[in-house]
Amino acid sequence: MTCKPIHHRPSHVVAVLLMAVISWWPSLRTCGQDTDTPDRLVTNTKMIGLGSINMLDTYLSPEKYKGADIRYISHTIREVPGDKWSQEIMHQGIIGEGSDRADDGTLMTGLYSLTYVLQRSWQLSADRLGITLGGMADFSIGGTFSARNQNNPAQLRLSMQLGPSASATYRFKLWKKPFSARYECSVPLVGLMFSPNYGQSYYEIFSRGNYEHNAVVTTPFSAPSMRNMLTLDTRIWGTTLRIGYLCDIQQAKMNGLKQHFYTHALLIGFVRHFKTKTIK
């Protein structure tokens, strides 16, 4: 395939977006923090997710692959007493593997994702119901591999996305035991994603420097995605157990290619509550 010369370079788009995030990041870290308050309340949850995955990447294969998904999630919420603002940080390590309809091909994917959320909270119904609204920044890096392909066996997954995030937490008692149900949702609105063009090899991109609109700006029209998580916490044997359900829908259509990763997973983990000192 002969690549068409493009006069503009992706470095300009990347530089502008990175500068915006870098300038925004210090305000995210400091907003909602009261340096006169010595203690910060931290809720950290370590979870394992097991479920099913449906994968499509037309750069590697026109077939859909269905299989298993396993992920590790570290979910942290940081709050300052008396402050309406809180921070949420989520790390995810994901491994998925699936087979096609004929069961003669395998597609594997691995991804690391970091999500940062700054949100404002409201307490309702005598502090039993808590609602948060805010914005999130998500950074993901990983790859997808097909054992059947010889020329293009792998696909890079690299993206940075911004969008709104919301959650609702309801605390109640059942059988004289405390429970806490939480639902949270995030939807990316704008971002930057790497994608080769249809018929373009990685050798052309990285060895010959033939850029063909490989840094693509994403919107809900080109990359409609959503992450939903529903969890339930309860005290068992002196510790807090969390069980839940995750629905992670990631999809994109760009440069003549389509990809999607649909995951439905059961979550189980343990919750820790502790305090940290705020440094003035």
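In terms of modelled amide H atoms, which long-range or inter-chain residues lie less than 5 Å from the amide H of Ser165?
Answer set, sorted by chain and number: Gly134, Gly135, Met136.
Could you work out the relative contact order of the chain? I mean the mean sequence separation of Cα pairs under 8 Å and 6+ apart, divided by the number of residues, in percent.
Over the chain, the number comes to 20 percent.
At a probe radius of 1.4 Å, what is the per-residue accessible area of His264, in Å² to the nearest 10?
80 Å²
Enumerate the calculated ³J(HN,Hα) couplings along the stretch 152-157 in order (Karplus 6.51 cos²θ - 1.76 cosθ + 1.60, θ = phi - 60°), each rounded to whole Hz, writing x wherever the residue is Gly or Pro.
Each residue of the stretch 152-157 in turn: 10, x, 9, 9, 7, 10 Hz.
Could you name the aspartates and glutamates in cross-link range of Lys173, using Cα to Cα under 13 Å and dropping any fewer than eight places away on the same chain?
Asp233
Excluding ligands and nucleic acids, what accessible area in Å² is computed for Phe270 using a 1.4 Å probe, to the nearest 10?
My reading of the accessible area for Phe270 is about 120 Å².
Please quote Rg/Rh for the chain to two decimal places, taking the Kirkwood radius as Rh and restricting both calculations to Cα atoms.
Rg/Rh for the chain comes to 1.02.
Can you give me the convex hull volume of the Cα atoms of the stretch 110-262, divided per residue and expressed in Å³?
Expressed per residue, the convex hull around the Cα atoms of the stretch 110-262 is 145 Å³.
Work from the charge dipole of the stretch 192-280 (Cβ charges, +1 for Lys and Arg, -1 for Asp and Glu, about the Cα centre) and give the residue of Tyr245, His264, Thr276 farthest towards its positive end.
Value: Thr276.
Before rounding to the nearest 500, sum -39500 (n - 2.57) across all DSSP H runs of length at least 4 in the chain and divide by the residue total; then give [θ] at 222 nm in deg cm²/dmol.
That calculation yields -2500 deg cm²/dmol at 222 nm.
Hey, how many Å between the Cα centroid of the stretch 110-157 and the Cα centroid of the stretch 226-269?
10 Å
Using only Cα atoms, find the angle between the long axis of helix 10-30 and the longest principal axis of the chain, and express it within 0 to 90 degrees, rounded to the nearest 10.
Approximately 10 degrees, to the nearest 10.
So, for the chain, what is the accessible surface per residue at a probe of 1.4 Å, expressed in square angstrom?
Ligands and nucleic acids excluded, the result is 54 Å² per residue.
Protein chains only, probe 1.4 Å: how do Leu56, Leu162, Leu50 rank by accessible area, largest first?
Final ranking, largest accessible area leading: Leu50, Leu162, Leu56.
The values are calculated or read from the model by the stated rules, or taken from the named source; none is laboratory data. The model shown is predicted, which means the values in this text are computed figures rather than measured ones. No Cβ is skipped: glycine too gets one built from the backbone with ideal geometry, and neighbour counts run over all protein chains shown. Just the protein is used for accessible areas: all its heavy atoms, side chains included, with ligands, DNA and RNA removed. Shrake-Rupley method; radii C 1.70, N 1.55, O 1.52, S 1.80 Å.
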